[in-house]
Amino acid sequence: MSDIENILHEDRSFPPSAEFASQARIGDIETYRRMYAESIADPEAFFGRVARELPWIEPFTEVLDWSNAPFARWFGGGTLNASAVCLDQHVEAGRGERVAIRWEGEPGDTREFTYAELHAEVQRFANVLLDRGVKKGDRVAIYMPMVPELAMACLACARIGAIHSVVFGGFSANALRERIEDGGCTAVITADGGWRRGKVLPLKPAVDEAVEGIDAVHTVLVVRRTENDVAWNPRDVWYHEAVKSAAAVCAPEPMDSEDTLFILYTSGSTGRPKGIQHTTAGYLLHTYLTTKYVFDVRDDDVFWCTADVGWITGHSYIVYGPLANGCTQVMYEGAPNAPHTGRFWELVQKYGVTIFYTAPTAIRTFMRWGDDVPAGYDLSSLRLLGTVGEPINPEAWMWYREHIGGDRCPIVDTWWQTETGGHMLTPLPGCIPTKPGSCTVPFFGVDAAIVDENGVELPANHGGLLVIRKPWPSMLRGLWGDPERYRETYWSKFGSMYFAGDGARRDVDGYFWIMGRVDDVLNVSGHRLSTMEVESALVAHPAVVEAAVVARPDEVTGEAVVAFVTPVANIEVGDELAQVLREYVAKEIGAIAKPADIRFTEALPKTRSGKIMRRLLRDVAAGRESTGDTSTIEDLSVLAKLRGEN
Ligand code: WTA
């Protein structure tokens, strides 16, 4: 049976154990129902109340202003500072001695920071930025390995009101440059390199290439991590040297609720990445609340989210959500198989991790590596598991439950997006029975529905488009520098409803089942890529005339990139050219975008009006017969050739 059929026939259900429920923040479904109902019927009362749990500098005077929809304003009149929410409040409440971050490098070196220590580090970091002339509202690009300074850099920006724009360290110099330019960044924070699979991944050379000729960038601040040789330019500053003369105290800048906290680029259905903009109060409230209720965090928990801070998951569930809740967490620099495939379980055992959050791709990889790997470690500290980033197939869900969770830990399958800031559809672990493959029910304030192409809500078990019908605090406020594109991308299809770009269905119990993207966005190992982005990279190569990129299902990575390429005349096609093109895409975008498969073709199947018929290419890539209509295809022989029929 295919995964989709599997999911349609899935009727297993796992209620939380009585023991888990009795200790959970919300241990009965009636409480969830009551709170959810209030959050939908009267969001202003609900969010107005829970928002008082944040430490405000000036209290807000208004909860929501939706009069200029789709541009929301939450908690108008209020001021606060994200770094003070994450650090100062805990230190002031006498919790400064609690460990905030237990960090481990890939080679096994370790560092630990209490809240008081992190508070001190972030203030000095903030002063380094101020000393370099970084001001409130300035954009700062961060391109770093998973070292503690990455979290500190984010919080230091937040402390002085600068807007951070983190770019995943696996992106290429070109991709970094594009993001620095689009955001108008004036400073870059990076490192000499990071450890990845036993090797130093140098970062500084990519930054040098990315900022060349961009005069607006006045500072490149370099954290020393791997001590590899780096080239040095006039605007480069070693962090460890600059911090020596930085003052110890830096007061948090009072920020308006709606001031931008950060920009994070993600892929959409066009070639140009979108700078998703999140604001201070709404984003913090939602990441704080979801960490509290979905991860059910308690004082004695050790939380570990395995994402990279370069993605939204790391922003929300390494930096802001856990720290706002005063959690103790593990942060790990490297790969799950360096130096051996039991690395993650070794860390769970060593640090006594209680809550573990990872991606389905990782779980499917662990399955491949074998049951005996996790069986070799003591995983009994775990009490809750989570997944994010892509649909999880029931088989992987069951494996996770049995082999990692010892059949005792609830699994929270959390559906959300860079745009939504935090969890949207997710079980609360103490009260929502889970079903393998379903992200279950909406979080507080999330008015989700399944509609048809015309925006009409569909009955249970009908596949359709996932929409959100009400604004929520951590919704994106726009796309950096392009308000029209924001409106167009998310709100033009249905007017008053946010269109997420995902297909889904809802079952008779009201549970959501995500089927995947319905636009030209690919999801490879939980990483978003746009087909157009990869196509633009390919056609930039002189050997390529035309390219079309589609996804095919992959057992481990969820989806894999398949590129159909029309080469220039008289060029030798074969493995060698395919390899050249793969490397070229890695250079243009990053290794995550490398096509798994490149197929050369004399022509691409097109409609009579010249549009590439991706649906047919998807069928070819997956080795399926095309069931759909092929009557509009311009030249049927093209399709026959692609399929290898003659
Ligand atoms: C997909 C990652 C199924 C979905 C937080 C969404 C999921 C896109 C899930 C956002 C899940 C994320 N089940 N699909 N639990 N979580 N997705 O912006 O297609 O990197 O639209 O945010 O990932 O990816 P993004």
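Quick look at the numbers
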read-out	value
Hits in the stretch 388-399 - residues which are open to solvent by 40 Å² or more (accessible area, probe 1.4 Å) and more than 12 Å from the ligand (Cβ to nearest atom)	GLU395, MET398
Residue match in the stretch 93-113 (condition: exposed (fewer than 15 other Cβ atoms within 10 Å of the Cβ), in contact with a Pro (Cβ under 8 Å, 6 or more places away or on another chain), in the same structural domain as TYR486 (by TED's automatic domain parsing) and more than 17 Å from HIS286 (Cβ to Cβ))	no
Set THR354, THR361: member being within 21 Å of GLN417 (Cα to Cα) and either open to solvent by less than 30 Å² (accessible area, probe 1.4 Å) or in contact (Cβ under 8 Å) with a residue 40 or more places away in the chain (or both)	THR361
Residue in the stretch 54-74 that is within 30 Å of GLY406 (Cα to Cα) and buried (at least 16 other Cβ atoms within 10 Å of the Cβ) present	no
Residue satisfying condition, being surrounded by fewer than 21 Cβ atoms within 10 Å (Cβ to Cβ), in the same structural domain as ASP371 (by TED's automatic domain parsing) and among the charged types (D, E, K, R), within set GLU419, GLU402	GLU402
Members of the stretch 231-248 found to be touching an Asp or Glu at 6+ places or on another chain (Cβ under 8 Å), more than 15 Å from ALA210 (Cα to Cα) and of a type outside the set (Ser, Thr, Tyr), listed by number	ALA242, ALA246
Top-ranked residue in the stretch 352-387 [being charged (D, E, K, R) and over 24 Å from SER17 (Cβ atoms); ranked as farthest from the ligand (Cβ to nearest atom)]	ASP372
Helices (runs of 4 or more DSSP H) fully within the stretch 339-389 counting 2 or more residues that are over 11 Å from ILE404 (Cβ atoms)	343-351, 360-369
Answer from PHE499, PHE564, PHE494 - the residue that is aromatic (Phe, Trp, Tyr) and not assigned by TED's automatic domain parsing to the domain that holds PHE46	PHE564
Test set (1) surrounded by 23 or more Cβ atoms within 10 Å (Cβ to Cβ); (2) closer than 28 Å to ASN523 by Cβ; (3) touching a residue at least 40 places away in the same chain (Cβ under 8 Å) - PHE344 fails condition number	(3)
Given (1) outside the structural domain of THR414 (by TED's automatic domain parsing); (2) open to solvent by 20 Å² or more (accessible area, probe 1.4 Å); (3) on the phi < 0 side of the Ramachandran plot, index of the condition VAL550 fails	(2)
Residue count, the stretch 310-321 (criterion: more than 11 Å from GLY421 (Cα to Cα) and more than 13 Å from the ligand (Cβ to nearest atom))	1
Out of GLY526, GLY503, sole residue that is on the phi > 0 side of the Ramachandran plot and either within 14 Å of the ligand (Cβ to nearest atom) or under 19 Å from the mean Cα position of the chain (by Cα) (or both)	GLY526
Among (1) in a strand (DSSP E or B); (2) more than 16 Å from the ligand (Cβ to nearest atom), the one test that HIS541 misses	(1)
Candidate set from the stretch 576-604 (those that are open to solvent by less than 30 Å² (accessible area, probe 1.4 Å) and farther than 18 Å from MET532 by Cβ); member that is modelled with the lowest pLDDT	THR601
Listing of helices (runs of 4 or more DSSP H) fully contained in the stretch 204-320 that carry 2 or more residues being free of Cβ contacts under 8 Å to residues at least 40 places away in the same chain	204-211, 239-242
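The values are calculated or read from the model by the stated rules, or taken from the named source; none is laboratory data. Here the structure is a predicted model, which means the values were calculated and not measured. Reconstructed Cβ throughout: ideal geometry from the backbone, glycine too, with neighbour counts over all protein chains shown. Accessible surface areas use protein heavy atoms only, side chains included; no ligands, DNA or RNA. Shrake-Rupley method; radii C 1.70, N 1.55, O 1.52, S 1.80 Å.
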